[in-house]
Amino acid sequence: MYFYHYRTLFSVKKMICTEPRSLGGIKDLAFELNNHYSIPLGIACFTGLAVLAIIGLCKKSNYVTNLLLWLLMLNMNSYLYSTLTAGDYLLNQLLFFNIFFSVKQNSNPTLNDLKNALHNMALAGIKLQICLAYFLAALFKLTDASWLNGSAVHQIFQIQEYSNSSLQLLPLWICMVLTYLTFAYQLVFPALIWFRRFKIGMLAFGITQHLIIAFAMGLFSFGIMMMICYILFLKYDYSLADRAEENRTRI
Amino acid sequence: MPVTGKRIIAVALFLFLAGHFLLVFNYASPFKIGKPLSSASNRYCYPFFHQQWTVFVPTPTRQFDLYIRNGNGTSWQLWMNVTKTLIKKNRKSIIMGKETEVLLVTNAINYLVYDLGDTNHVYEQKPDLPSFKVLEHAARNYFRNYRCWKEGKQYEMAVVAKSPEKTTYYYFKNLSLK
């Protein structure tokens with residue numbers, strides 16, 4: 001995507017306006033690209049991101065490449081702050097926990113135990129981060145009158161930026177149902193997603209909702225980012241009972 | 001590794017996660033837990049763990065439009081609605097569309113309107129605001145890139161904030177490509 005948006009984001013005539021920012025100390029590591037922007041540095045940054053992502057996808061990553069990936073993405077997002085959505089902030093957090101994932105096993109069992117512990121902590125951290133995001137979104141909605149009286153989605157669909165001609169014509173009662181469903185979903189997601197009985201229904205609703213956000217409301221990157229997060233709840237979903245069953249089968 | 005060692009590691013990692021999420025929650029939540037913790041949260045979270053989950057709170061009620069026209073100071077071309085053009089282009093191709101440009105321009109307008117307040121105004125000179133600088137820069141380079149505007153060209157910008165109750169106009173004159 002960065003290659004595609006090169007002219008807008010990185011060229012001499014880029015639409016991004018950068019102001020130097022400094023917080024001092026180690027925190028300035030997040031603003032290196034923003035503070036020292038040049039076209040070669042921009043190109044190096046997004047090429048580096050692409051290379052590190054490919055390394056990760058080929059399962060050749062290690063703690064150092066993962067750390068680099070997180071730092072580069074952090075810099076990219078600090079530079080592109082005026083175009084960010086909540087999905088980009090979430091990506092930063094997921095990449096932070098991604099640092100602790102380890103693919104390769106070591107010959108030293110003590111080191112392996114430590115690696116496994118870090119790996120499990122990172123997986124729990126990512127899942128908790130997604131739950132926290134939903135819970136916070138619901139908490140903010142509790143403070144807003146239009147979400148409480150059910151008019152929020154209708155109001156949002158009247159804004160051309162987040163809507164299209166079909167959404168604008170939706171009757172008020174459907175919008176009210178959507179408002180309360182969204183609100184309820186965000187509120188109960190952190191509690192119910194851990195139970196297999198509710199999981200598929202929750203994720204099906206979430207995927208539908210994020211597909212509407214991506215394709216009907218036009219917030220593509222945000223919608224897709226949130227849907228990608230659901231994979232973690234499906235793929236790494238072994239309960240203790242499942243593991244015991246799997247071990248028994250192997251024996 | 002002995003069981004005790006494993007337990008110590010597990011407890012340490014649990015404490016790290018608990019502390020991390022307590023600070024992140026306090027940083028990003030609408031309800032803060034005490035001043036000392038808020039200060040610690042801010043120090044810990046920004047910029048590495050910065051996040052915002054206000055997602056459509058407050059609910060947007062105003063429609064923003066950015067109009068631009070160019071000319072030579074006496075005769076002017078027709079106004080062009082930049083936001084509408086970008087949104088239309090984004091709708092045509094959602095995946096490889098203009099989402100970035102739409103977000104950039106609408107976010108910049110949002111901040112600018114917040115900074116300028118809720119009254120109609122004609123600006124003979126540029127307002128000295130970072131939000132204006134961001135919007136002007138984006139608009140200027142949009143026209144350089146997509147409309148092939150040349151250096152020295154004069155132009156004017158108008159931002160219209162429209163809600164069911166009220167429409168506010170912000171008119172910026174005497175702008176030029178340098």
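Where a number appears in this text, it was derived from the coordinates with a stated rule and is not lab data. None of the values given here were measured: they were computed from a predicted structure. Please note: Cβ atoms are built from the backbone with ideal geometry, for glycine as well, and neighbour counts cover all protein chains shown.
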> For region B:109-160, what is Rg from Cα atoms divided by 2.2 N^0.38 Å, rounded to two decimals?
Replying inline: 1.21
> Where nothing but the Cβ of Lys and Arg (+1) and of Asp and Glu (-1) is charged, how large is the charge dipole of region B:52-115 around its Cα centre, in debye to the nearest 20?
Replying inline: 320 debye
>> What lysines does A:Lys13 reach when the alpha-carbon gap must be under 23 Å and sequence neighbours fewer than 8 apart in one chain are set aside?
In response: B:Lys84, B:Lys88, B:Lys89, B:Lys98, B:Lys126, B:Lys133, B:Lys150, B:Lys153, B:Lys173, B:Lys178
> What angle do you read, to the nearest 10 degrees and between 0 and 90, between the alpha-carbon axis of helix B:99-116 and the longest principal axis of chain B?
Replying inline: 80 degrees
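In which sequence would B:Glu156, A:Glu161, B:Glu101 go, from the one with the fewest C-beta neighbours within 10 Å to the one with the most?
Details: B:Glu156 17, A:Glu161 21, B:Glu101 25.
Ascending number of Cβ neighbours within 10 Å: B:Glu156, A:Glu161, B:Glu101.
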>> With a cut-off of 8 Å between alpha carbons and a minimum separation of six or more residues, what is the relative contact order of region B:108-178 in percent?
In response: 39 percent
> Can you pull the semi-axes for chain A, root of five times each eigenvalue of the Cα gyration tensor, sorted largest first, whole Å?
Replying inline: 33, 30, 15
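What is the Cα radius of gyration of chain B over 2.2 N^0.38 Å, N being its residue count?
Details: Rg = 23.3 Å, N = 178, 2.2 N^0.38 = 15.8 Å.
After normalising by residue count via 2.2 N^0.38 Å, the value is 1.48.
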>> Report the Cα centroid-to-centroid distance between region A:19-69 and region B:99-121 in angstrom, as an integer.
In response: 29 Å
> Over region A:1-124, what is the relative contact order in whole percent, taking alpha-carbon pairs under 8 Å and six or more residues apart?
Replying inline: 22 percent
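Given contacts defined as C-alpha pairs under 8 Å and at least six residues apart, what's the relative contact order of chain B, whole-number percent? Each step should come with its number before you reach the end.
Numbers: 201 pairs, mean separation 36.9, N = 178.
With pairs under 8 Å counted, the relative contact order is 21 percent.
Please arrange B:Ser38, A:Ser165 by how many other C-beta atoms lie within 10 Å of their C-beta, fewest to most. Intermediate values should be presented prior to the final figure.
Working: B:Ser38 15, A:Ser165 8.
The most exposed by this proxy come first: A:Ser165, B:Ser38.
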>> Counting only other residues whose beta carbon sits under 13 Å from that of B:Ile9, what net charge do I get with K and R as +1, D and E as -1?
In response: +2
> In which sequence would A:Trp173, A:Trp147 go, from the one with the fewest C-beta neighbours within 10 Å to the one with the most?
Replying inline: A:Trp173, A:Trp147
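About its Cα centre, what dipole magnitude does chain B give when the only charges are +1 on Lys and Arg Cβ and -1 on Asp and Glu Cβ, stated in debye to the nearest 20?
Approximately 500 debye in magnitude.
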>> Compute, for chain A, the length of the dipole vector about the Cα centre, with Cβ point charges of +1 (Lys, Arg) and -1 (Asp, Glu) only. Units Debye, rounded to 20.
In response: 540 debye
> How big is the gap, in Å, between the Cα center of region A:138-178 and the Cα center of region B:56-85?
Replying inline: 25 Å
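How many percent of Cα pairs in region A:90-163 exceed 14 Å?
Working: 1939 of 2701 pairs.
Value for region A:90-163 (Cα pairs over 14 Å): 72 percent.
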> Measuring from the lowest to the highest alpha carbon on each principal axis, how far does the protein assembly as shown reach, largest first, in angstroms?
Replying inline: 86, 53, 44
> What residue among B:Asn174, B:Leu116, A:Leu192 has its Cα farthest toward the positive end of the dipole of the protein assembly as shown, where the charges are +1 on Lys, Arg and -1 on Asp, Glu, each on the Cβ?
Replying inline: A:Leu192
